[in-house]
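Presented below is the structure to which this report refers.
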Amino acid sequence: MSHDPAAFISLRRVCKSYQRGSEKIRVLNELDLDIRQGEFVAIMGPSGSGKTTLLNLLGGLDRPDTGTIRTGGHELNRMGVSALAKWRAEHVGFVFQSYNLLEGLSAARNVELPLLVTRMSGTERAQRVKAALEVVGLSERHKHKPNQLSGGQQQRVAIARALISDPDVLLCDEPTGDLDRETANQVLKLLHQLNEARGKTILMVTHDPLAAAFANHIIHVDKGAILSAPHTSAHSAAEESQPLAASFRSPPDPATPHPPAFPALI
Amino acid sequence: MRYWSLVWGSVMSRKWAYLATFAALVLCFILSSYMLAFSRAMSRGVQLSGTQRLVVWHKTSIIELLPLSYVDEVAKLDDVVAVTHRSFFGGYYRDPGNQLPMWVVDPGSFMRYYPEYSFGTPAQAADFLAGGEAIAVGRAAADALGWKQGDRVPVHSVIWTKKDDSDVWMFRVAAIVDSKDPSANTRQVFIPYGAFNEARAFGKNGVGYIEVMARSDAASPALAKRIDAHFESSAKPTHTSTLSGFLQSFASQIGEISSLVYSAMAIVVVTVLMMLVGQLAHGFSLRRKEFGVLKTIGYDNLTISGLIVGESVALSFFAALIGLIVAGFSINASGPMVAKYLSGFYQTPSDMAVVALLALAMGLLASALPVLQARSILSALR
């Protein structure tokens with residue numbers, strides 16, 4: 001497959017296997033993928049198809065057996081554990097299905113967590129936390145503990161935590177899997193807004209076609225390979241799915257102004 | 001300190017579990033402190049059993065008096081370093097139930113024989129040394145009786161009457177006796193021999209028993225035999241026993257009991273410690289997901305390991321601190337009372353250091369497995 005020179009994220013011939021007892025299971029098989037900056041991509045597929053493994057590789061949480069993964073000029077497969085941790089702190093935000101907030105901490109303290117490993121002062125951290133909670137509409141609830149918040153509010157806190165370091169990429173693993181439809185739509189609209197207005201590149205694993213409809217592009221993964229996309233989302237109806245939806249050529253809407261840096265933005 | 005809110009938040013989210021573990025840790029460290037003090041006291045008892053201090057009394061019975069002249073004779077024997085004597089006064093203050101050990105002693109030789117005791121200021125010590133009505137009162141005895149330096153106190157004796165048939169002896173508290181050795185028994189009263197000997201109605205120039213300091217432990221058995229041999233053909237033959245013959249068998253019994261009790265306590269402490277280590281480690285295991293989340297947002301292995309080890313060691317150290325303070329107060333408070341039966345029962349800086357090392361080892365041990373578990377992000381997130 002030809003390389004997309006404009007690709008922000010690029011995977012080439014990526015293989016990943018896991019050992020289960022005596023059996024070696026290949027989860028990803030010679031996978032190629034290009035994603036441009038500012039795209040909102042939904043990754044769909046049946047359970048065990050390899051979509052979460054793909055997300056983990058993209059976030060530097062796991063390493064490929066073979067192949068290369070480049071993100072924003074960083075070749076992840078060549079980076080050490082500490083370098084990957086630093087890279088995650090600066091460039092990636094994670095949003096999980098079960099929110100994964102720390103129960104003993106307030107919303108503000110949860111959001112602040114990624115900044116503790118930086119050299120940022122307490123005052124600056126507090127300003128950033130305040131701004132991030134405003135973005136997700138929860139500034140009034142900054143003192144609430146997770147068990148004092150609804151599921152949707154907890155997921156918005158998790159999104160604020162993912163945003164706090166002003167990352168290039170948001171990786172979302174079933175972010176609406178535990179939410180009712182109305183709340184899920186609110187969270188998806190928030191992600192869509194972050195993509196549209198702030199230019200965040202978002203990759204979202206989901207089982208839910210209605211959630212996928214919020215993305216610009218949908219890729220289907222099955223048996224460790226990327227299959228053709230059967231349809232495009234409602235927000236990118238004009239675009240045509242590719243026979244092998246491994247490469248996306250649709251740049252962000254030029255009418256959307258490119259977002260300024262994070263602190264100024266929020 | 002920037003991670004304080006994170007650590008404190010984690011602790012507070014499981015506060016009851018933490019509190020239970022913390023309380024158990026504190027109790028465990030108190031028990032450890034007691035075990036160390038007990039162990040030293042017991043080993044010290046065994047050491048004392050081999051001491052060079054000998055006691056000479058009447059061969060027939062300890063209530064029979066020995067002649068005062070024996071003291072000088074014993075002092076002239078080879079391998080004798082110091083000699084003093086004492087007699088039981090059998091005294092009580094006001095209430096017959098208010099009895100304390102009161103001894104009639106020769107102040108000069110007694111002070112040389114027991115250099116671990118201090119007798120107040122030089123003037124007060126000289127006052128006691130001068131004899132007469134001046135008595136020296138142990139600190140614990142003074143506290144118990146409510147006496148202070150300068151008080152004049154009437155003391156009854158259940159044994160000794162004066163020539164006028166009175167059993168009331170008037171004394172003046174010349175000095176309060178203290179000791180640098182916290183295990184020393186200061187619940188005693190010391191009465192000068194001279195005036196007492198002149199005033200008593202009977203038993204003049206007699207002493208209860210003679211205390212002899214041998215040159216060395218090794219010299220004790222032979223000296224004891226020599227003393228008894230020296231007085232064998234006299235009107236009042238002696239029996240020198242104490243801490244060689246009699247106490248050798250006592251020592252071995254004490255040694256066995258000590259070893260048994262110490263082993264039982266050690267097993268209990270180690271078992272409890274291992275359970276607590278397991279409990280702490282389990283607590284961290286329950287937080288694997290938390291560590292996984294922290295790693296996804298950029299915390300590296302070193303930071304996570306530091307948080308786990310820091311929290312574990314801090315918890316353990318804090319519990320050890322409280323345990324040491326509580327144990328210190330209770331051991332040192334009960335020390336004087338226990339000292340009557342078990343000398344050396346007190347807390348030392350080395351005991352504290354041992355408990356601190358124990359706390360460090362526990363903290364490290366409890367965090368070792370969680371640190372290894374936290375290295376795998378994906379398993380933590382599952």
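At-a-glance table
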quantity: Among B:93, B:34, B:209: highest mean-square fluctuation, GNM of chain B, C-alpha pairs under 10 Å; calculated: B:93
quantity: The protein assembly as shown - convex hull of the alpha-carbon atoms, volume per residue in Å³; calculated: 216
quantity: Cβ neighbours within 10 Å from other chains - mean over A:92-105; calculated: 5
quantity: Where a label projected 7 Å from the Cα of residue A:223 along Cα→Cβ would reach, residues of the stretch A:27-67 with amide N under 17 Å; calculated: A:27-32, A:45-51
quantity: Those trypsin sites (Lys or Arg not before Pro) in the stretch A:139-184 that DSSP places in a loop and that have at most 10 other beta carbons within 10 Å; calculated: A:143
quantity: Computed E for residue A:22/residue B:266 - FRET, C-beta separation, R0 45 angstrom, nearest 0.05; calculated: 0.45
quantity: Area of residue A:26 that stays accessible when all protein chains are in place (1.4 Å probe, Å², to 10); calculated: 130
quantity: Linear extension gain, residue A:47 paired with residue A:139, 0.36 nm per residue minus alpha-carbon span; calculated: 29.5 nm
quantity: Efficiency of FRET between residue B:198 and residue B:356 - r from beta-carbon atoms, R0 60 angstrom, step 0.05; calculated: 0.55
quantity: Ellipticity estimate at 222 nm from DSSP helix runs (n ≥ 4, -39,500 (n - 2.57)) divided over chain B, nearest 500; calculated: -18500 deg cm²/dmol
quantity: About the Cα centre, charge dipole magnitude for chain B (Lys/Arg +1, Asp/Glu -1 at Cβ), debye; calculated: 1520
quantity: Helical segments meeting 18 Å axial Cα length and Kyte-Doolittle -0.5 threshold in chain B (DSSP H); calculated: B:15-49, B:245-285, B:301-338, B:349-373
quantity: Interface A:B - total buried accessible surface [probe 1.4 Å, Å², rounded to 100]; calculated: 2000
quantity: Stretch gain in nm, segment residue B:19-residue B:301, where the contour uses 0.36 nm per residue and the Cα spacing is subtracted; calculated: 98.7 nm
quantity: Nearest-20 debye value, the protein assembly as shown charge dipole, Cβ charges on Lys, Arg, Asp, Glu; calculated: 320
quantity: Calculated FRET efficiency for the pair residue B:95/residue B:318, C-beta based, R₀ 51 Å, to 0.05; calculated: 0.60
quantity: Cα→Cβ-extended label distance, 7 Å offset, between residue B:151 and residue A:68, nm; calculated: 9.5
quantity: Solvent-accessible heavy-atom area per residue, rounded to whole Å², over the stretch B:60-193 at 1.4 Å; calculated: 46
quantity: Under the Karplus curve 6.51 cos²θ - 1.76 cosθ + 1.60, θ = phi - 60°, whole-Hz ³J(HN,Hα) for the stretch A:158-175, x wherever Gly or Pro sits; calculated: 4, 5, 4, 5, 5, 8, 4, 8, 6, x, 6, 10, 10, 10, 10, 9, 6, x
quantity: Peptide B:284-297 - average C-beta neighbours from other chains (10 Å radius); calculated: 5
quantity: Dipole of the protein assembly as shown, positive end: most advanced residue of B:224, B:323, A:58 [Cβ charges, Cα centre]; calculated: A:58
quantity: Projected label distance in nm at residue B:64 and residue B:348, using a 7 Å step from Cα toward the beta-carbon; calculated: 4.2
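The values are calculated or read from the model by the stated rules, or taken from the named source; none is laboratory data. Just so it is clear, the structure is predicted and the values come from calculations on it, not from any experiment. Because the Cβ atoms are built from the backbone with ideal geometry, glycine has one as well, and the counts that use them run over all protein chains shown. Ligands, DNA and RNA are excluded from the accessible area calculation, which covers all protein heavy atoms including side chains. Shrake-Rupley method; radii C 1.70, N 1.55, O 1.52, S 1.80 Å.
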